[in-house]
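The values are calculated or read from the model by the stated rules, or taken from the named source; none is laboratory data. Quick caveat: nothing in here was measured; it's all calculated off a predicted structure. Quick reminder, even Gly has a Cβ in these numbers, built from the backbone with ideal geometry, and neighbours come from all protein chains shown.
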């Protein structure tokens, strides 16, 4: 498979996610007429701006630990501006979270909000 080159001002990071979670998230995005990558980038930019300050208080943090999902993980590649990626990494480190944890949590919240 040929790899696509990413413009120097763009960067990509890969995130490990359970397959079932990714499929649910993508299905929901399509139902909402949203583009999954766009939804993720929107979350990331809001995260950087500090709109999710008290994430620890949100219900998905505790339920995340209890949830035993199929360990059939796969890589999700998130493409964004290099500066945005750097800021996202910094913000995750500051909160002592991994990018994967935060993106998985966001996907779970998105699914919960759109299926309630």
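Residues that are in contact with a helix residue (DSSP H, G or I) (Cβ under 8 Å, 6 or more places away or on another chain) and assigned to a helix (DSSP H, G or I) were ranked within the range 18-27; the one that is farthest from residue 77 (Cα to Cα) is 24.
Rundown of residues vs (1) surrounded by fewer than 12 Cβ atoms within 10 Å (Cβ to Cβ); (2) modelled with pLDDT of 75 or more, yes/no style:
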position: 3; (1), (2): yes, no
position: 26; (1), (2): no, yes
position: 62; (1), (2): yes, no
position: 69; (1), (2): no, no
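In the range 28-40, the qualifying residues are those that are assigned to a helix (DSSP H, G or I) and under 15 Å from the mean Cα position of the chain (by Cα), and the one that is nearest to residue 79 (Cα to Cα) is 37.
Screening residue 15 against (1) assigned to a helix (DSSP H, G or I); (2) surrounded by 14 or more Cβ atoms within 10 Å (Cβ to Cβ); (3) touching a strand residue (DSSP E or B) at 6+ places or on another chain (Cβ under 9 Å); (4) modelled with pLDDT under 90 leaves a single unmet condition, (1). Tell me which residues, restricted to the range 98-116, are within 12 Å of the chain's Cα centre (by Cα) and assigned to a loop (DSSP other than H, G, I, E, B). 98 - this is the single residue of the range 98-116 that is within 12 Å of the chain's Cα centre (by Cα) and assigned to a loop (DSSP other than H, G, I, E, B). Restricting attention to the range 71-84 and to residues that are closer than 22 Å to residue 18 by Cα and not in a strand (DSSP E or B), the residue that is modelled with the lowest pLDDT turns out to be 71. Surrounded by 12 or more Cβ atoms within 10 Å (Cβ to Cβ) and either touching a helix residue (DSSP H, G or I) at 6+ places or on another chain (Cβ under 7 Å) or modelled with pLDDT of 80 or more (or both): is that true of residue 44 in this structure? The answer is yes for residue 44.
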